[in-house]
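Beneath this line is the structure, given in structure tokens, with notes to follow.
Here, each number is a calculation from the coordinates, and none is a lab measurement. These figures come from a predicted structure and were not determined experimentally. In this analysis, Cβ positions are derived from the backbone assuming ideal geometry, glycine residues included, and neighbour counts consider all displayed protein chains.
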Amino acid sequence: MIERQNRINELKECIKDHVNDLSAWLNSCELRDSIEFGCGIFATRDIQPNELLFSDKPLLLGPTGNKHEPIVCVICFEKIENDVSCFLCPGQCGLVLCGNTACANQHEIECQLLQKWKPQNPNEVSFNKLKAMLVIRSLFLDKKQRNIFNLMQKNYISEQNDIYFDDEFEHFPDDKETVAALRDASAAINTNTFKVLYRCDGSDDVSVRGFYSIMSLVNHKCSPNARHDIDKHFVGRIFAARPIKKDEQIFISYSQLLWGTNSRRMHMMVSKQFLCSCNRCLDPTENSTNLSAIRCLNKDCDGLVLPIDAINFKSHAKCNLCEKMCENQRFLQIQEMSALITKNFVNKDFTLSELDHFIEFRLCKLVPKSNQFVVESKLKAIRMFSGTTFEDQNKIQCFCEDILRIIDKLDVGECSLKGILAHRLYVIRQKLKEFPPSEFDLNGDDRKRMSISKIDDFLNDDEQLLKTAKIILSNTSTAPADIFDT
Ligand SMILES: [Zn+2]
Ligand SMILES: [Zn+2]
Ligand SMILES: [Zn+2]
Ligand SMILES: [Zn+2]
């Protein structure tokens with residue numbers, strides 16, 4: 001208890017040195033003791049949606065080292081488009097540099113250290129070395145930075161073997177002090193890094209790993225009251241997504257909002273080593289979204305099958321209409337099978353009518369339309385297609401509306417995904433207006449008749465959609481390039 005209080009006091013001092021904009025922080029938040037989480041960040045006044053709570057600069061940045069993502073310069077993270085072997089560091093450390101002198105200069109100090117360790121295969125790109133840079137860079141933190149770094153929560157995945165990159169070097173340090181420092185850094189980084197997506201001019205998103213000390217003090221909930229954004233200068237910001245009352249704890253999501261409970265909890269167990277048991281996790285229907293539901297095993301029944309105890313991975317499931325039971329193993333098998341066929345389908349090229357066919361005749365034989373994998377397929381289509389025909393654009397419009405309704409049910413307020421989808425919907429609507437009036441009017445009338453709730457009002461109001469998108473996306477690195485021209 002005293003230890004916890006001491007840590008909180010020390011952290012409070014460190015935050016003052018590190019927070020990006022001290023007056024914004026002092027005006028809205030405070031680090032406090034939290035019974036459930038050890039400590040957490042709390043609102044010190046009533047806060048409105050979209051208000052900035054605080055901003056945070058990364059303590060460390062590094063490449064993801066993910067084989068499936070574009071390779072980037074280890075300093076400026078600009079994407080390396082051409083033959084990567086031409087961009088290997090001339091210092092033979094085995095890392096990749098863009099060729100800019102400024103990057104080469106900044107890299108020199110870490111290059112010297114790596115050369116001392118004698119990299120294996122210096123003329124080949126090593127993803128492990130790239131990934132390790134975030135951990136290795138912690139050795140260069142100054143005293144003040146080290147203070148806050150040391151106070152961060154650390155999860156040791158495996159006590160002995162968590163320095164995964166020692167094989168990359170011939171003379172990897174074996175002195176106890178360096179090994180312990182690298183192991184601690186590795187554990188702190190596993191727990192506290194954010195994936196930063198950012199757009200290199202007009203091309204695909206590139207991702208970077210960032211260690212944000214203050215942002216990572218915000219605890220997780222699956223239906224959080226705040227969102228986090230990272231801009232193209234890597235400044236992280238926490239905004240209120242819902243109205244937050246004075247003394248309420250601030251939460252963000254470390255997982256995917258539209259995943260079902262089992263998927264989110266497994267993901268967080270693997271990536272953050274904790275099992276969430278928030279209200280959404282405890283509710284098998286997840287605020288009536290039924291994202292985890294499968295179809296009833298009784299073929300004549302239209303009921304939804306959901307786990308009885310949502311936070312028990314071994315729970316049996318039951319139909320909400322005929323009450324037929326579904327064994328845990330069968331329930332998990334159907335979820336896994338749905339995940340697999342969805343992944344196989346969306347990772348290949350497809351047309352919107354093929355997607356329709358896939359959802360109707362394959363996926364929905366296993367799961368209802370509310371299921372996360374149906375939602376995921378729609379989301380993928382929204383990302384991929386801008387649509388040229390009236391039918392295609394109409395389809396994308398419906399997909400955007402469907403997902404915005406789910407976001408509304410989940411009560412996650414002004415989340416980033418809402419901004420992206422609101423913008424997409426707005427753009428599609430403008431394109432739809434270019435079609436002959438007969439087609440569009442019919443559609444518009446249908447929609448107006450359905451406008452009976454707040455979410456319908458929002459979905460039918462183009463001005464509101466654009467305004468929402470602009471507010472939510474204004475400080476993000478992945479905002480669509482054209483959004484501020486409209
Ligand atoms: Zn560079
Ligand atoms: Zn180098
Ligand atoms: Zn949860
Ligand atoms: Zn049933």
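Name all residues of the range 106-125 having a backbone nitrogen under 13 Å from the label point set 7 Å from the Cα of residue 76 along its Cα→Cβ direction, giving them as ranges. Those under the cut-off are 106-107.
Per-residue ellipticity at 222 nm from helix content only, as computed over the chain with -39500 (n - 2.57) for each DSSP H run of at least four residues, stands at -13000 deg cm²/dmol. If you look at the Cα atoms of the chain, you get an Rg and a Dmax of 24.4, 77 Å. Against the main long axis of the alpha-carbon atoms of the chain, helix 416-432 sits at an angle near 50°. Can you give the local net charge around residue 61? Use residues other than it whose beta-carbon is closer than 11 angstrom to its beta-carbon, Lys and Arg +1, Asp and Glu -1. Around residue 61, the surrounding residues sum to +3.
Label sites at residue 195 and residue 313, each approximated as a point 7 angstrom past Cα along Cα to Cβ, lie 2.0 nm apart. Here the peptides 133-141, 271-279 are ranked by packing, the mean other Cβ count within 10 Å, and the order with the highest first is 133-141, 271-279. Taking a ≥ b ≥ c as the square roots of the eigenvalues of the alpha carbon gyration tensor, the range 260-385 is oblate, as a/c is not under 1.5 and a/b does not beat b/c. Here the spin labels are modelled as points 7 Å beyond Cα on the Cα-Cβ line, and at residue 16 and residue 328 they lie 5.1 nm apart.
In order along the range 65-79, the phi-based Karplus estimate (6.51 cos²θ - 1.76 cosθ + 1.60, θ = phi - 60°) of 3J(HN,Hα) comes to x, 8, 4, 8, 10, x, 7, 10, 4, 6, 9, 9, 6, 6, 5 Hz; Gly and Pro are listed as x.
The charge dipole of the range 181-265, taken about its Cα centre with unit charges on the Cβ atoms of Lys, Arg (+1), Asp and Glu (-1) only, comes to about 300 debye. Full extension of the segment from residue 5 to residue 384, taken as 0.36 nm per residue of separation minus the current Cα-Cα distance, would add 131.5 nm.
With a ≥ b ≥ c the root eigenvalues of the C-alpha gyration tensor of the range 1-141, is it rounded (a/c under 1.5), prolate (a/b larger than b/c) or oblate? Cα axes put the range 1-141 in the prolate bin. Peptides 313-323, 383-393 ordered by packing proxy, namely the average of other Cβ atoms within 10 Å per residue, highest first: 313-323, 383-393. Here the convex hull built on the C-alpha positions of the range 1-73 has a volume of 177 cubic angstrom per residue. Our coupling estimate for the range 363-377, obtained by passing each phi through the Karplus curve with A = 6.51, B = -1.76, C = 1.60 and θ = phi - 60°, is 5, 7, 6, 9, 10, x, 4, 6, 5, 4, 6, 5, 4, 4, 5 Hz, Gly and Pro reported as x. Checking the table 348/431; 299/431; 232/272; 299/378; 116/221 against a 32 Å threshold on Cα-Cα, which pairs fail? Distance filter (> 32 Å) returns 299/431; 116/221. Give me the lysines in straight-line cross-link reach of residue 118: C-alpha distance below 28 Å, same-chain residues under 8 apart excluded. Correct list for residue 118: 67, 79, 129, 131, 143, 176.
The residue among 84, 61, 112 whose Cα reaches farthest toward the positive pole of the charge dipole of the range 60-209, with charges on the beta-carbon of Lys, Arg, Asp and Glu, is 61. The angle between the Cα long axis of helix 2-18 and the longest principal axis of the Cα atoms of the chain comes to about 90 degrees, rounded to the nearest 10. What the Cβ-Cβ distance of residue 362 and residue 106 gives, at R0 = 60 Å and to the nearest 0.05, is a FRET efficiency of 0.75.
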